[in-house]
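What follows is calculated from the coordinates using simple rules that are stated; it is not laboratory data. From a predicted model like this one, the values you see are computed outputs, not experimental measurements. Cβ placement follows ideal geometry from the backbone for every residue including glycine, while neighbour counts extend to all protein chains displayed.
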Amino acid sequence: MNWFFHIGRYYIMMVRVFSKPEKWSIYRNQFVKEIDNLGIGSLGIVLIISVFMGAVITIQSAFGFESPWIPLYAVGVASRDSIILEFSPTIVSLILAGKVGSNIASEIGTMKVTEQIDALEIMGINSKAYLILPKIVAAVFINPFLIVISMFLSLLGGLIGGTMTGAVTSYQFIYGIQYDFRPYNVTYALIKTLFFAFIITSVSAYHGYYTQGGALEVGKSSTNAVVYSSIVILLFNFILTQILLS
C-alpha cells in the first residue's frame, strides 16, 4: 500500500509541476541555470567515464574473440553496439542519477526543511513548478547531448585503448564501427535518454520535496532519490527495450 501512496502523491505533484507558470521569464532564467548546473556540470564525469569504459569494452571484446574464425573487425562491431545500445544511454544515466539526482534531492530537501518552500507558497508561487519544472526541462534538453558526447568519447577511447594494447588495429576497429551500422540504434538510445532524464529529475525532486525533519532526513532523501531513480531507470530500460527493439 505504501507504493500506491507514493505513486499517487508523485502523480499529484507532477500535475502541479506542469501547470501553467505564473511568469515565463522567471522559468526561462531558471532553465538556463539548470542547464549549466545539471548538464555542463556533469560533462567532466561523463568524459572521464566514457573514455575509460570505451577502452575497457574494446579490450574485453577482443579478449572474447580469440577464435580464428571470427574476423578482428568484429571487435569494433561489438564495442559499437554495446556502447550505443546500452553503455551510453543506460549506464551513464545511472551515473547521472547518482550525481544529479542526489544534488536535486538535497537542494530541494534543504529548502523544504528550512521552510523556504513554505515561504514561496505564502507568496502565491507554485513552488512545485518553480523548483522542479526547469530541472526536468533542462535535463530532457541537455542529457541527449551528453549521451551523444559519451558515445563519441567511448568509441574514441575504444580506438585508443584497442590500438595501444595491440588488441585491434585502428583500421579494423574503424571498419567494425562502420560495418552494418544501423542509425535506428542511435534513435533508440536517445529515446531512452529522454525517459531517463525525466525519471532522474522528477523522482529525485519528489524525494527532496517531501523531506521532513532536519539535516539527517535530507541525507536520507538524497540516498532514496538515487536508489529509486536507478530502480525506475532499470525498469523502464527493460520496458523500452521490449517496445522499441521487439
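Here the convex hull built on the C-alpha positions of the range 1-133 has a volume of 165 cubic angstrom per residue.
Legend: helices of the chain (whole DSSP H runs) are marked when their alpha-carbon atoms reach 30 angstrom or more along the helix axis and their mean Kyte-Doolittle hydropathy is at least 0.0; marked are 43-64, 127-165, 183-209, 215-245.
Between T241 and D36, what FRET efficiency comes out of the Förster formula 1/(1 + (r/R0)^6) with R0 = 51 Å and r the beta carbon distance, rounded to 0.05?
Numbers: r = 32 Å, r/R0 = 0.63.
Once rounded, the FRET efficiency stands at 0.95.
Compared with the alpha-carbon gap, the fully stretched path from I7 to F145 is longer by 46.7 nm at 0.36 nm per residue. Within the straight-line cut-off of under 16 Å between alpha carbons, the aspartates and glutamates reachable from K128 are E22, E34, E107, E115, D118, sequence neighbours fewer than 8 places apart in one chain being disregarded. Tell me, how many Å apart are the Cα centres for the range 1-75 and for the range 167-218? The distance from the Cα centre of the range 1-75 to that of the range 167-218 comes to 3 Å.
Only Lys, Arg, Asp and Glu carry charge here, each on its Cβ (+1 for the first two, -1 for the last two); on that basis the range 74-186 has a dipole of about 160 debye about its Cα centre. Would you mind telling me which residue in F173, F18, F31 has the biggest mean-square fluctuation in a Gaussian network model of the chain, where springs connect alpha carbons within a distance under 10 angstrom? Maximum among the listed residues: F18. Among I132, I147, the ranking by other beta carbons within 10 Å of each residue's beta carbon, starting with the fewest, stands as I132, I147.
Dipole size in debye (nearest 20) for the chain around its Cα centre, Lys and Arg Cβ +1, Asp and Glu Cβ -1? Let's see the in-between values first.
Values: 14 positive and 12 negative charges, 90 e Å.
Roughly 440 debye, rounded to the nearest 20.
GluC sites (Glu not before Pro) within the range 86-129: which are DSSP loop residues with at most 14 other Cβ atoms inside 10 Å? Passing both the DSSP loop test and the Cβ count: E115. Beyond 26 Å in Cα-Cα separation lie the following of the pairs K192/K220; K20/K220; K23/K192; K20/K135: K192/K220; K20/K220; K23/K192.
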